[in-house]
Structures are given as structure tokens and as C-alpha cells.
Amino acid sequence: MQKIEAVIQPSKLDAVKDALVEIGVEGITILEARGHGRQKGHTEFYRGREYSVDLLPKVKLEMVVADEMVEKAIQAIITTARSGKIGDGKIFVSKIDEAIRIRNDERGEIAL
């Protein structure tokens with residue numbers, strides 16, 4: 001099992017979510033986040049005053065998938081979240097040792 005964490009643009013959430021459901025990813029946790037990478041934010045004007053917005057709105061998706069689904073899920077995220085511009089996001093993949101369904105104590109991939 002692998003955990004996939006993806007930080008993407010909020011405008012791409014629906015497309016990415018639909019693509020993941022289409023390939024068979026059943027459980028997704030979605031969190032609203034704020035942050036920046038290389039783009040370091042931007043400058044805006046409000047009521048005639050200039051101010052810096054250095055933490056941009058992002059969406060973080062977390063999912064645990066079976067090993068054979070990892071590459072399909074990554075490709076689904078990449079193809080739907082990519083705009084080709086700076087700030088498209090990042091994907092992180094890490095190994096999961098165990099998953100346990102609280103309701104009935106199922107363990108391993110069946111608990112996903």
C-alpha cells in the first residue's frame with residue numbers, strides 16, 4: 001500500500017477528483033491548505049494600498065491505494081492538474097505498513 005499526497009490548485013479539484021474516481025480510487029481526504037513554493041506569492045492592491053500575498057490557497061488530497069494502483073493514480077492527478085505554469089503543485093508518495101478499518105477490524109488492503 002502507498003499513500004499519495006497531492007497539493008494542487010483549487011480550480012483543478014473537481015477534475016482531479018473525477019479522474020481518481022474514474023480509475024477506481026475510492027477513498028480520498030481533501031483538505032484546504034495555504035502555502036507557496038517557488039512562486040513565492042504575489043502582490044495585490046486593496047483600497048489603494050499594496051500588500052503581499054505570500055500564502056496562496058491550495059488543496060491537499062490524501063489517499064492510500066494498493067501498490068498496483070499507484071502509477072494510475074499519479075498519472076490521473078498529473079494529467080488533470082497540469083496547466084504548465086508555476087504553482088501546479090506537487091505529489092508525494094510514501095509506503096504504508098498497515099491499514100485498519102475501525103468499524104470491523106479489517107486489516108491490510110481490504111480495509112481500504
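The values are calculated or read from the model by the stated rules, or taken from the named source; none is laboratory data. Every value quoted in this text rests on a predicted model; they were computed, and no experiment measured them. Cβ placement follows ideal geometry from the backbone for every residue including glycine, while neighbour counts extend to all protein chains displayed.
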For Gln2: the one exception among (1) more than 22 Å from Ile110 (Cα to Cα); (2) touching a residue at least 40 places away in the same chain (Cβ under 8 Å): (1)
Yes/no for Ala76 being out of contact with any strand residue (DSSP E or B) (no Cβ under 9 Å at 6 or more places or on another chain) and within 25 Å of Lys17 (Cα to Cα): yes
Count - residues of the stretch 75-99 that are at pLDDT 95 or above and of a type in the set (Asp, Glu): 2
Set Val25, Val65, Val93: member being surrounded by 13 or more Cβ atoms within 10 Å (Cβ to Cβ) and either closer than 14 Å to Val7 by Cα or over 21 Å from the mean Cα position of the chain (by Cα) (or both): Val93
Residue check for Lys72: touching a helix residue (DSSP H, G or I) at 6+ places or on another chain (Cβ under 8 Å) and either modelled with pLDDT of 95 or more or not polar (S, T, N, Q) (or both): yes
